[in-house]
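Participant: Below: one structure in structure tokens.
Bear in mind that the values in this text are calculations on the coordinates, not laboratory data. Source: prediction; values computed, not measured. Note that each Cβ is placed from the backbone with ideal geometry, even for glycine, and that neighbours are counted across all protein chains shown.
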Amino acid sequence: MIRSLSAVLALFLFWLLLSGIFTPFLIAAGAGSALAVVLFARRMDVIDHEGHPVHLGWWALISYWPWLAWEIVKSAWDVTKLILHPQLPITPTLVEFTPSQQTDMGLVIHANSITLTPGTIAVEVEHGHFLVHALTREGAAGLAGSEMDRRCTAMESR
């Protein structure tokens with residue numbers, strides 16, 4: 001029931017964010033739409049543990065998103081410097097490492113975080129095995145046992 005209520009709340013807040021108009025009719029329409037979508041989703045049995053991960057904890061998500069955004073900005077700056085450098089000093093590298101996440105949700109969060117960061121892309125993701133392409137050797141060397149790995153593991157253990 002908690003998942004359903006949080007899904008209704010999340011959908012309603014998303015509706016309000018996209019709408020930007022706060023008339024009583026539109027607020028009621030947004031609440032009704034959010035409720036209808038969640039009722040349909042429950043009937044179809046698609047609201048599950050991983051589809052709506054309330055268990056991750058709000059504090060972990062709230063602290064992870066700004067950190068990830070900053071990592072994306074730093075990485076974008078590094079990639080920009082590489083591209084604008086006259087010699088284009090890239091050293092494309094494939095690196096394999098063992099992530100510390102145990103759940104599918106943790107692995108997906110980690111792999112997507114790697115892919116969102118410019119200059120790296122998760123090529124292959126399996127339990128106990130990541131294959132990542134990095135634009136430079138230095139970027140590849142920083143993947144195994146990284147702060148991102150630690151933060152994703154901390155988030156999944158909540």
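Participant: At a threshold of 8 angstrom on Cα-Cα distance, excluding pairs fewer than six apart, so keeping six or more, what relative contact order does the chain reach in percent?
Facilitator: For the chain, the relative contact order is 22 percent.
Participant: Mind checking the dipole of the chain: about its Cα centre, +1 per Lys or Arg Cβ, -1 per Asp or Glu Cβ, Debye to the nearest 20?
Facilitator: 480
Participant: Order of 114-122, 10-18, 80-88, 95-103 by packing, highest average Cβ count within 10 Å first? Working shown, then result.
Facilitator: Numbers: 114-122: 19.4, 10-18: 14.1, 80-88: 9.7, 95-103: 17.2.
Going by the mean number of other Cβ atoms within 10 Å, highest first, we get 114-122, 95-103, 10-18, 80-88.
Participant: Can you give me the Cα centroid spacing of segment 94-158 and segment 1-36 in angstrom?
Facilitator: 34
Participant: The list [x] 16.8, 54; [y] 19.7, 60; [z] 17.9, 56 gives values of Rg and Dmax of the Cα atoms in Å, and only one came from this structure; which label was calculated from it?
Facilitator: This structure yields the entry labelled [y].
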